[in-house]
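Participant: Please see the structure below; I have some questions.
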Amino acid sequence: MRVTVIGTGYVGTVTGVCLAYLGHKVTCVDTDEAKVRRLQNHDIPIYEPGLAELLVLAEQEGGIDFTAHLAPAVRESDVIFIAVGTPPLPTGEANLTYLEAAARSVGAAMDSSRFRVIVNKSTVPVGCGNLVETLVREGIREQSPWKEREIGFGIASNPEFLREGSAIADSLFPDRIVLGGQDERTLNHLHDLYAPLVSQQFPAPPFCPRPAKFRMPVPVVTTTLTSAEMIKYAANAFLAMKIGFANEIANICEKVDADAPEVMTGIGLDSRIGTAFLNAGIGWGGSCFGKDVQSLMHIAGDYGYQARLLEASLAVNRLQRQLVIQKLQEKLYILKGRTIALLGLAFKPNTDDLRDAPSLQIIERLLQMGARIRAYDPIAMDVCREHNSHLKICYCDSALHAAENADALVLVTEWPEFAKLDLEEVSNCMAQPILVDGRNLFDPQIARAAGFDYTGIGRTEPRVNTRRTPVPVALAR
Ligand SMILES: NC(=O)c1ccc[n+]([C@@H]2O[C@H](COP(=O)([O-])OP(=O)(O)OC[C@H]3O[C@@H](n4cnc5c(N)ncnc54)[C@H](O)[C@@H]3O)[C@@H](O)[C@H]2O)c1
């Protein structure tokens, strides 16, 4: 099929490249001309493992191009995806201006040559399917030479569940596809589009093998627009809550000297709970959880419902980021004038995304308290420099370099290369070998044996056996 994807961010680019790899002819459109030029030159503006390689294969399969001109692409297309940003406003509501502009331009560009499906892939408040339809109609009425009744189109919602860092695998081998639509014709179009993905009738790219025991055919949840929109918010709210729960239990574990990772293993093996997303740490970040939970709270509020679980998820996450400061104060007492080294800036490994990254809030607070910051991240330092020039950070070219003469080391992002560090070498180069392991990446015993004063999140302190061993009765006599 002929497909247009509007927005070439993390979602749009990956969606476009994957659909072209499946054999569709794709045009990706963005208003950011510099971004388009980079993509045209195979220079991918984001860090996403495998994306550059898949782009080359996608060009050979269905074919893909990038442009800043929306109208010709829309006219040629059977399916038009909207994948623009929906960032939070200061009130917590989703900013819909990009979505609105995209929907109007689609209306203005369509002609009567074919039936088209306009699919919203951005994460949007419930009801935006209706809003998109209204705006498309406005675009036709106000800017198109065609009459509204001459143009056939349907509106659908196809929320995206990819995770940055594993976006290719998540898109090619999804757990499910959610399709919300107004009518059968619209939904049938999307079933046709996704048929190769559902049946998995394509070779896995050499660098991204099909997972063992992958469920085929891929389950498709076909539903209404509103339910599809709600599924996305509910999924993110649940995941944010699950991590928040693990963090809350970890905080209680610390009080009672229980070990959070062991507790999570113990509960995760219950098939009703599952092991994923139970790692205690300094909290989630990224462009989605915070924004989507806040937006869902707003939607609930519009209907007079106070979403208390969602409020608590946000509150626990906020507190979790402050734990790092608290732990540093417990170890160092005074932070003014101390040098703190941070390992990792990105909100999670395998991405350069710093949106709502815990690192930034921790750095801001430490700087306010008079600390000096040294930091190293394998990928995200350039993005950090570009968008956070106000933060006085000494960027280092390795973890070891960041640790040199530091009074404490904070593990913020669990990049795989940090797990391989020679901890003895790191502790030896520091002014004070204090390690705050914000992701419970290291084995506390190994870190302590390497000379570190180690503290994790919800982990037991070294055990001192305070119980007297009972003296055998025979000896006591
Ligand atoms: N990033 C993720 O991991 C992820 C996962 C699932 C869902 N989502 C959702 O997908 C949506 C997109 O997220 P993202 O991270 O890709 O955003 P992004 O900010 O990385 O990219 C959005 C792109 O849209 C472009 N754009 C804005 N208005 C436009 C217009 N009128 N015409 C053409 N292009 C336009 C911007 O220039 C930008 O390149 C959001 O709603 C987000 O919540 C994101």
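The values are calculated or read from the model by the stated rules, or taken from the named source; none is laboratory data. Here the structure is a predicted model, which means the values were calculated and not measured. So basically every Cβ, Gly included, is an ideal-geometry build from the backbone, and we count neighbours across all protein chains shown. Keep in mind that these areas ignore ligands, DNA and RNA; they rest on the heavy atoms of the full protein, side chains included. Shrake-Rupley method; radii C 1.70, N 1.55, O 1.52, S 1.80 Å.
Participant: Output wanted: per-residue J couplings in Hz (rounded whole) for the stretch 32-39, from phi through Karplus 6.51 cos²θ - 1.76 cosθ + 1.60, θ = phi - 60°, x for Gly and Pro.
Facilitator: Those phi angles translate into 7, 5, 5, 5, 4, 4, 4, 5 Hz.
Participant: In addition: Would you work out if the stretch 202-270 is rounded, prolate or oblate? Take a ≥ b ≥ c from the square roots of the eigenvalues of the alpha-carbon gyration tensor; rounded if a/c is under 1.5, else prolate when a/b is larger than b/c, oblate otherwise. Intermediate values should be presented prior to the final figure.
Facilitator: Details: a/c = 3.29, a/b = 1.57, b/c = 2.10.
Oblate shape, in that a/c is at least 1.5 and b/c is the bigger or equal ratio.
Participant: Also, quick follow-up: Taking R0 as 22 Å, what's the FRET efficiency between ALA234 and GLN306 from their Cβ-Cβ distance, rounded to 0.05?
Facilitator: Numbers: r = 17 Å, r/R0 = 0.77.
Working from the Cβ atoms, E equals 0.85.
Participant: Another question, then. Taking only DSSP H segments of four or more residues, each worth -39500 (n - 2.57), what value at 222 nm results for the chain once the sum is divided by all its residues, to the nearest 500 deg cm²/dmol?
Facilitator: Numbers: 19 runs with 211 residues, N = 477.
The helix-only estimate for the chain comes to -13500 deg cm²/dmol at 222 nm.
Participant: When DSSP assigns beta bridges and you keep just the ones with both residues in the chain, what percent turn out antiparallel, to the nearest 5? Intermediate results must be reported in sequence, preceding the final value.
Facilitator: Details: 3 of 46 bridges.
In the chain, approximately 5 percent of DSSP beta bridges are antiparallel ones.
Participant: Defining a contact as two alpha carbons under 8 Å apart and six or more residues distant in sequence, what relative contact order in percent does the stretch 149-287 show?
Facilitator: In percent, rounded to a whole number, it is 23.
Participant: Counting only protein heavy atoms and a 1.4 Å probe, tell me what percentage of the stretch 321-455's accessible area is made up of carbon and sulfur.
Facilitator: Details: 2700 of 5870 Å².
Result for the stretch 321-455: 46 percent of the exposed heavy-atom area is carbon or sulfur.
Participant: Take ILE46, ILE379, ILE362 and sort them by solvent-accessible surface of the protein heavy atoms, 1.4 Å probe, largest at the top.
Facilitator: Numbers: ILE46 30, ILE379 55, ILE362 5 Å².
Greatest to least solvent exposure: ILE379, ILE46, ILE362.
Participant: Quick one: order LEU319, LEU179 from most to least accessible surface, probe 1.4 Å. Present the calculation step by step, with values, prior to reporting the outcome.
Facilitator: On the way: LEU319 110, LEU179 0 Å².
Descending accessible area places them as LEU319, LEU179.
Participant: Here's something else I'd like to know. How large, in percent, is the carbon and sulfur part of the accessible surface of the stretch 232-314 at a probe radius of 1.4 Å? All intermediate terms of the calculation are to be shown ahead of the outcome.
Facilitator: Values: 2530 of 4160 Å².
Using a 1.4 Å probe with all protein chains present, the stretch 232-314 comes out at 61 percent carbon and sulfur.
Participant: Please state the charge dipole magnitude for the stretch 232-314, taken about the Cα centre, from unit charges on C-beta atoms (+1 on K and R, -1 on D and E), reported in debye and rounded to the nearest 20.
Facilitator: 320 debye
Participant: Looking at the stretch 1-137, send over the antiparallel percent of its DSSP beta bridges, to the nearest 5. Kindly include the intermediate steps, with their values, before the conclusion.
Facilitator: Numbers: 1 of 18 bridges.
So the antiparallel bridges in the stretch 1-137 amount to around 5 percent.
Participant: Can you grab the distance from the C-alpha centre of the stretch 168-238 to the C-alpha centre of the stretch 39-99, Å, no decimals?
Facilitator: 18 Å
Participant: Add +1 for every Lys or Arg and -1 for every Asp or Glu among the other residues with Cβ under 9 Å from the Cβ of GLY370, and state the total.
Facilitator: Once positives and negatives cancel, what remains is +3.
Participant: With a sphere of radius 15 Å drawn around the Cβ of GLN143, what net charge do the other residues whose Cβ falls strictly inside it have (Lys, Arg +1; Asp, Glu -1)?
Facilitator: Combined, the nearby Lys, Arg, Asp and Glu give -1.
Participant: Can you grab the distance from the C-alpha centre of the stretch 365-400 to the C-alpha centre of the stretch 266-329, Å, no decimals?
Facilitator: 26 Å
Participant: Follow-up question, since we're still on this one. With every atom except the alpha carbons ignored, what do you get for Rg and Dmax of the stretch 321-455, in angstroms?
Facilitator: Reported Rg and Dmax, both Å: 13.3, 39.
Participant: Please give the per residue accessible area of the chain, computed with a probe of 1.4 Å over protein heavy atoms only, in Å². Intermediate results must be reported in sequence, preceding the final value.
Facilitator: Working: 22270 Å² over 477 residues.
Result: 47 Å² per residue.
Participant: As an exercise, identify the chymotrypsin sites (Phe, Trp or Tyr not before Pro) in the stretch 294-373 lying in DSSP coil whose Cβ has no more than 16 other Cβ atoms within 10 Å. Before the final figure, lay out each step's value.
Facilitator: Numbers: sites: TYR303, TYR305, TYR333, PHE347; in loops: TYR303, TYR305, TYR333, PHE347.
Here the sparse-neighbourhood loop sites are TYR303, TYR305, TYR333.
Participant: Next question. What are the ³J(HN,Hα) values, in whole Hz, obtained from phi via the Karplus relation 6.51 cos²θ - 1.76 cosθ + 1.60 with θ = phi - 60°, for each residue of the stretch 431-445 in sequence order, with x given for Gly and Pro?
Facilitator: 5, 9, x, 9, 10, 9, 8, x, 10, 6, 7, 9, 6, x, 5
Participant: Apply the Kirkwood formula to the chain: the hydrodynamic radius equals the inverse of the mean of 1/r over all pairs of different alpha-carbon atoms; give it in Å with one decimal. Write out the running numbers ahead of the final one.
Facilitator: Working: mean 1/r = 0.0409 Å⁻¹.
Computed over the chain, the radius equals 24.5 Å.
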